[in-house]
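Below you'll find the structure, written out as structure tokens, and then a few comments.
Derivation of every value follows stated rules applied to the coordinates shown; laboratory data play no part. Keep in mind that this is a model prediction, so the values were computed, not measured.
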Amino acid sequence: MTSNAAEPAKALPPPKRAAFAREYLRGPQRIASGNASRAARDAGYATKSASVEGSRLLANADVQAEITRL
């Protein structure tokens, strides 16, 4: 039997991860800033851990997909 149900839409990343992707691409032409630490801080992650979080987020497949989508 075939299913008539459409494939479920891919879920967006959690709000903080989506905010990180937007902050990482902030700029006049949406060019990656190259500063993951600043993007993490601006997205609401703790200043103390922004460097680690930024690196971790850039390695996350969902965040990479969101950056590509934007």
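The table that follows gives values for the structure above.
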| item | result |
| --- | --- |
| Per-selection metrics, the stretch 13-68 (Cα): Rg and Dmax in Å | 9.9, 29 |
| Linear extension gain, Ala32 paired with Val52, 0.36 nm per residue minus alpha-carbon span | 5.4 nm |
